[in-house]
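J.: Please find one structure pasted underneath; my questions will follow.
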Amino acid sequence: MSLLSKVGRNYRTHWAFVFIILVVLLENSTFGLAHDPAKREIATKIFSNLKEPTQIDLGAIGSYAKGCLDGAKQLPFNGPYWQVLHPNRKRNWGHPETIELIKRVSKAANSIGWTGLYIGDISQARGGPMPYGHKSHQMGLDVDIWLTQPKRMGLTQAELKTVKPLSVRSQDKRKTNRNWTKKHMEILKTIALDAAVDRVFITAPAKILMCQQTKGNRSWLQKIRPIGGHHQHFHIRLKCPPSSSLCVPQKPSIPNISQSEDGCDHTLKWWVTTALEPYKKPLKPQKKPKLKKSVLDFTMTDLPKQCLSVIHQN
Ligand SMILES: [Zn+2]
């Protein structure tokens, strides 16, 4: 065999080997398939199509409304003290600490006298922006819980569809209504006292009532934050878990958020007065505020760069 043909054969073997490696790579991974930056594909579409979590462990990445989740755990649809209300949405994924918290507070709700809790959305299997429903819930550290007292756990799919959300707010949006009970307050207090919880969002009239009725320790009240909507469910936000080094805490932090220790001040009254007045057009023309990009328009470049490896994992 001449030296030339020997070299030629070696090259052919070499290229055949490279080809086999490429085929194996493409078949066994989402390499090159999940995301092509040149296409500027919408992030909600990418994340809502990923139905399985990643197994590596960066945890929560980014911030609550601009992030993703690595190493998610699934909350079982049915538990002894909880039930996921919309199993078809597949938003029962969270940071492992969130799943543990839900189990803890559900059990607490049961010992307070409810059968358990109805759980709304947590996050998608890899977190990220969602095509409908929320701006936040992107890092697996947010969970919605209904204010409806469950009759029992273990409802069938058909029964779940008949569960109606219950509002605890009056028609004029200034007070709570008769659906609000002492047990709501006890459950919210237990949740706010949990060390893993950063804050809890709920309609302002509920917070106002809790401010009026709390005797003794009031420190937990600061974690209960007024917000628009949230009269049929409340929203728990967990702190960045210590192991999630890429998680950005929310600013302002709870100790710096209001003008009093418990948040029971005039800033709270604003929600049930000025905020409800009809919108008046300002006399002077105002500078147009810079429009924030909607979550629905996010591409991967709007998210932390580590989220790219989260969508590319098997
Ligand atoms: Zn929420």
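J.: Of the residues L283, L308, only one is open to solvent by 30 Å² or more (accessible area, probe 1.4 Å) and in contact with a helix residue (DSSP H, G or I) (Cβ under 8 Å, 6 or more places away or on another chain); which?
T.: None of the other options fit; the residue is L308.
J.: How many residues does the range 85-125 contain that are open to solvent by 60 Å² or more (accessible area, probe 1.4 Å), away from the ligand (no atom under 16 Å from the Cβ), closer than 22 Å to K164 by Cβ and not polar (S, T, N, Q)?
T.: 0
J.: Tell me whether the range 269-286 contains one or more residues that are in contact with a Ser or Thr (Cβ under 9 Å, 6 or more places away or on another chain) and in contact (Cβ under 8 Å) with a residue 24 or more places away in the chain.
T.: Within the range 269-286, one or more residues are in contact with a Ser or Thr (Cβ under 9 Å, 6 or more places away or on another chain) and in contact (Cβ under 8 Å) with a residue 24 or more places away in the chain.
J.: Identify all residues within the range 59-97 that are of a type in the set (S, T, N, Q) and farther than 18 Å from S309 by Cα; write none if there are none.
T.: Answer for the range 59-97, where residues must be of a type in the set (S, T, N, Q) and farther than 18 Å from S309 by Cα: Q74, N78, Q83, N88, N92.
J.: Would you please list the contacts, defined by Cβ atoms under 6 Å and residues six or more apart or on different chains, that run from a residue in the range 139-158 that is away from the ligand (no atom under 16 Å from the Cβ) to a residue that is in a loop (DSSP other than H, G, I, E, B) and open to solvent by less than 40 Å² (accessible area, probe 1.4 Å)?
T.: From residues that are away from the ligand (no atom under 16 Å from the Cβ), the pairs are Q149/W114; P150/G116; M153/G116.
J.: Filter the range 135-162 down to residues that are among the hydrophobic types (A, V, I, L, M, F, W, C) and surrounded by fewer than 16 Cβ atoms within 10 Å (Cβ to Cβ), then give me how many there are.
T.: Result for the range 135-162: 1.
J.: How many residues, within the range 171-190, are over 12 Å from M210 (Cβ atoms) and either in a helix (DSSP H, G or I) or touching a helix residue (DSSP H, G or I) at 6+ places or on another chain (Cβ under 7 Å) (or both)?
T.: Adding up the residues that qualify gives 5.
J.: Something else now. Write out, first by first residue and then by second, each pair whose Cβ atoms fall under 7 Å of each other, whose residues are 6+ apart or on separate chains, and whose first residue, in the range 183-198, is closer than 11 Å to I224 by Cα while the second is part of a helix (DSSP H, G or I) and at pLDDT below 95.
T.: D198/I254
J.: What about L268, is it out of contact with any Phe, Trp or Tyr (no Cβ under 7 Å at 6 or more places or on another chain), open to solvent by 50 Å² or more (accessible area, probe 1.4 Å) and of a type in the set (A, V, I, L, M)?
T.: In short, no.
J.: Looking at (1) surrounded by fewer than 18 Cβ atoms within 10 Å (Cβ to Cβ); (2) in contact with a strand residue (DSSP E or B) (Cβ under 6 Å, 6 or more places away or on another chain), which is the one condition that is false for N217?
T.: N217 satisfies every listed condition except (2).
J.: Another one. Just name the residue that is most open to solvent (accessible area, probe 1.4 Å) out of those in the range 220-233 that are in a strand (DSSP E or B) and either closer than 23 Å to S111 by Cα or not assigned by TED's automatic domain parsing to the domain that holds L141 (or both).
T.: H233
J.: Now, a different point. Of everything in the range 192-204, what is open to solvent by 10 Å² or more (accessible area, probe 1.4 Å) and either within 16 Å of the ligand (Cβ to nearest atom) or assigned to a helix (DSSP H, G or I) (or both)? Give them in sequence order.
T.: Across the range 192-204, the qualifying residues are L193, D198, F201.
J.: Mind listing whichever residues of the range 152-170 are among the charged types (D, E, K, R) and in a loop (DSSP other than H, G, I, E, B)?
T.: Within the range 152-170, R152, K164 qualify.
J.: Within the range 205-239, which residues are of a type in the set (V, I, T) and within 15 Å of the ligand (Cβ to nearest atom)?
T.: Of everything in the range 205-239, those that are of a type in the set (V, I, T) and within 15 Å of the ligand (Cβ to nearest atom) turn out to be I224, I227, I236.
J.: Shifting gears a bit: Applying the selection to the range 174-191, what residues are farther than 22 Å from K269 by Cβ and open to solvent by 30 Å² or more (accessible area, probe 1.4 Å)?
T.: R178, N179, T181, K182, K183, E186, T190
The values are calculated or read from the model by the stated rules, or taken from the named source; none is laboratory data. Since the structure is predicted, the reported quantities are computational estimates derived from the model, not experimental observations. Every residue, glycine among them, receives a Cβ derived from its backbone with ideal geometry; neighbour counts consider all protein chains shown. Surface areas here come from the heavy atoms of the whole protein model, side chains and all, with no ligands, DNA or RNA. Shrake-Rupley method; radii C 1.70, N 1.55, O 1.52, S 1.80 Å.
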